[in-house]
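Trainee: Structure provided below as structure tokens; questions to follow.
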Amino acid sequence: MLMIGVAGLQLAEHEQHWLMAPGVAGVLLFSRNYQSREQLIALCDAIRDAGGDELLIAVDQEGGPVQRFRDGFTRLPPLAAIGAVHDRDPGEAVRLAEEHAWVMASELRASGVDFSFAPVVDLARGNAAIGLRAFHADPAVTAELAQAYVRGMHLGGMAAVLKHFPGHGSVATDTHKAQAIDPRSLDEIRRDDLLPFAECIEARVEAVMMAHVIYPAVDSQPAGYSRVWIEQVLRGELGFAGAVISDDISMAAAGAAGSVGARVQAHLDAGCDLVLACFPEVVDEAIAAMPGVPAARTIPPPLAAMRGALGASWASLTDNPQRDRFVARISALHADQGNA
């Protein structure tokens, strides 16, 4: 199925028709779709009015450099700030990871958004596009903090999405801009990058997002197009039974498969449950490429599990002393990152 992007603060008529397509499972929102909390809630309502209550609504609300909704939401520090705390006080870092996740999740759920594509579990090993988005360079520290983050998301009524499988942090290239190749062996990747994924999967994470990275020692195809990575390693070796999600098909590194339609088909053939078509310019072609979808939409169980639990209202969040403590504690982390 597809998760698509829409252009603005309100739905256009042709976008309403997109949301009626049986192959569309939901909408991924961006900063271009956000003006205020009230506008966001209205947009979420309009999306479900057009396409049905089963549609999923998602966003990238990681914190730090990747936080799509800012005004009216807690300004979340980057995950790297939590990793820095772990170097001096591991227990405190675990608590902060849970609190960061809970604040993020509870605010989105109060706004009608089902989930954020979080947490990043890539290692902080030099990739420019990952940077402060990663907890730490050490796989064991990343695994510990990611598990805590998943717990906090679950407590906030939100499913978790690990990204970017099997690990994007150790290759220098930014896949938004160019093809990325990681020459390491599977044994090296297992030893390091796969550890946080494996431990979070044991903690019952709901979804995994694939990397647009080629690991030629394992497969000639980018991981999102690879049955080796998805079926043999992720599902077979790691025992993952949840939703497998592509990264955005508009990214430069996704071009290995060819046209938009070919990219959609390649992800589906490899075993992805959900393909991201984030830019409105590609949505018509992506919908047309969906193979043999039924006349009525049926959300498969792994994707249905991504629907958010009943969330608190904004009024109850703002009258919650525990939230006030959590916000104060995580906001103090900005000083450690130079207000990043």
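The values are calculated or read from the model by the stated rules, or taken from the named source; none is laboratory data. Since the structure is predicted, the reported quantities are computational estimates derived from the model, not experimental observations. Positions of Cβ are generated from backbone atoms using ideal geometry, with glycine treated the same way; all protein chains shown enter the neighbour counts. In case anyone asks, the SASA skips ligands and DNA or RNA and just uses the protein heavy atoms, side chains included. Shrake-Rupley method; radii C 1.70, N 1.55, O 1.52, S 1.80 Å.
Trainee: For segment 208-340, what does the relative contact order come out to in percent, with C-alpha contacts under 8 Å and a separation of six or more?
Mentor: Details: 139 pairs, mean separation 25.6, N = 133.
For segment 208-340, the relative contact order is 19 percent.
Trainee: Right, another one. Given only helices, namely DSSP H runs of n ≥ 4 each adding -39500 (n - 2.57), what is the per-residue ellipticity at 222 nm of the chain, to the nearest 500 deg cm²/dmol?
Mentor: -10500 deg cm²/dmol
Trainee: Show me, for segment 208-225, the HN-Hα J-couplings you get by feeding each phi into the Karplus relation (A = 6.51, B = -1.76, C = 1.60, θ = phi - 60°), rounded to Hz, glycine and proline as x.
Mentor: Computed from phi, the couplings for segment 208-225 are 9, 9, 7, 8, 7, 10, 8, 10, x, 6, 10, 7, 7, 9, x, 4, x, 9 Hz.
Trainee: Summing Lys, Arg as +1 and Asp, Glu as -1, what charge do residues with Cβ under 14 Å from the Cβ of residue 268 carry, residue 268 excluded?
Mentor: -1
Trainee: A further question on this structure: Can you check what the net charge comes to around residue 8, using other residues whose Cβ is under 12 Å from the Cβ of residue 8 (Lys, Arg +1; Asp, Glu -1)? Don't jump to the answer; show the numbers that get you there.
Mentor: Details: positive: 32; negative: 15.
Around residue 8, the surrounding residues sum to 0.
Trainee: Per the 1.4 Å probe, what fraction of the accessible area of segment 31-173, in percent, lies on carbon and sulfur atoms? Can you show the working numbers first?
Mentor: On the way: 1960 of 4030 Å².
That fraction is 49 percent.
Trainee: Also: Please state the shape class of the chain: rounded when a/c is under 1.5, otherwise prolate if a/b exceeds b/c and oblate if not, all from the C-alpha gyration tensor. Write down the numbers at each step before the final one.
Mentor: Working: a/c = 1.69, a/b = 1.06, b/c = 1.60.
The shape class here is oblate.
Trainee: Taking the Cα centre as origin and putting +1 on Lys and Arg beta-carbons and -1 on Asp and Glu beta-carbons, what dipole magnitude results for the chain, to the nearest 20 debye? The partial results should precede the final answer.
Mentor: Values: 26 positive and 42 negative charges, 54 e Å.
Computed charge dipole of the chain: roughly 260 debye.
Trainee: Now for a different question. List, in order, the whole-Hz ³J(HN,Hα) value for each residue of segment 163-172 obtained from phi through the Karplus relation with A = 6.51, B = -1.76, C = 1.60 and θ = phi - 60°; use x for Gly and Pro.
Mentor: 8, 10, 6, x, x, 9, x, 9, 10, 6
Trainee: Skipping prolines and chain starts, which residues have an amide H placed within reach, meaning under 5 Å, of the one on residue 165, given they are 5 or more residues away or on another chain?
Mentor: Correct list: 209, 210, 211.
Trainee: Here's something else I'd like to know. Listed highest first by mean packing, meaning other Cβ atoms within 10 Å per residue, what order do 287-300, 151-164 come in?
Mentor: On the way: 287-300: 12.9, 151-164: 23.9.
Averaged packing, sorted descending, gives the order 151-164, 287-300.
Trainee: Next up: Identify the trypsin sites (Lys or Arg not before Pro) of segment 58-90 meeting these criteria: DSSP loop state and at most 16 other C-beta atoms within 10 Å of the C-beta. Working shown, then result.
Mentor: On the way: sites: 68, 70, 75, 88; in loops: 68, 70, 75, 88.
Sparse-neighbourhood loop trypsin sites (Lys or Arg not before Pro): 70, 75, 88.
Trainee: When a/c reaches 1.5 or more, the comparison of a/b and b/c decides; with that in mind, is segment 146-212 rounded, prolate or oblate per its Cα gyration tensor?
Mentor: Details: a/c = 3.15, a/b = 1.69, b/c = 1.86.
Cα axes put segment 146-212 in the oblate bin.
Trainee: A follow-up question, please. Under 8 Å for C-alpha pairs, at least 6 residues apart: give me the relative contact order for the chain, rounded to a whole percent. Walk me through the numbers before you get to the answer.
Mentor: Working: 741 pairs, mean separation 68.8, N = 340.
Rounded, it is 20 percent for the chain.
Trainee: Once amide H atoms are placed 1.01 Å from N in the peptide plane, what residues at a sequence separation of 5 or more from residue 24, or on another chain, have their amide H within under 5 Å of its amide H?
Mentor: Distant-sequence amide H within range of residue 24: 2.
Trainee: If you put +1 on each Lys and Arg Cβ and -1 on each Asp and Glu Cβ, how big is the dipole of segment 262-340 around its Cα centre, in Debye rounded to 20? Intermediate values should be presented prior to the final figure.
Mentor: On the way: 6 positive and 8 negative charges, 69 e Å.
Rounded to the nearest 20 debye, it is 340 debye.
Trainee: Can you give me the Rg/Rh ratio for segment 66-224, using Cα atoms for both radii and the Kirkwood formula for Rh?
Mentor: On the way: Rg = 15.2 Å, Rh = 15.7 Å.
Result for segment 66-224 is an Rg/Rh of 0.97.
Trainee: Same structure, new question: Where does the charge balance sit around residue 318 when Lys and Arg score +1, Asp and Glu -1, over other residues with C-beta under 15 Å from its C-beta? Present the calculation step by step, with values, prior to reporting the outcome.
Mentor: Values: positive: 37, 109, 323, 325; negative: 38, 107, 319, 324.
Once all neighbours under 15 Å are counted, the net charge is 0.
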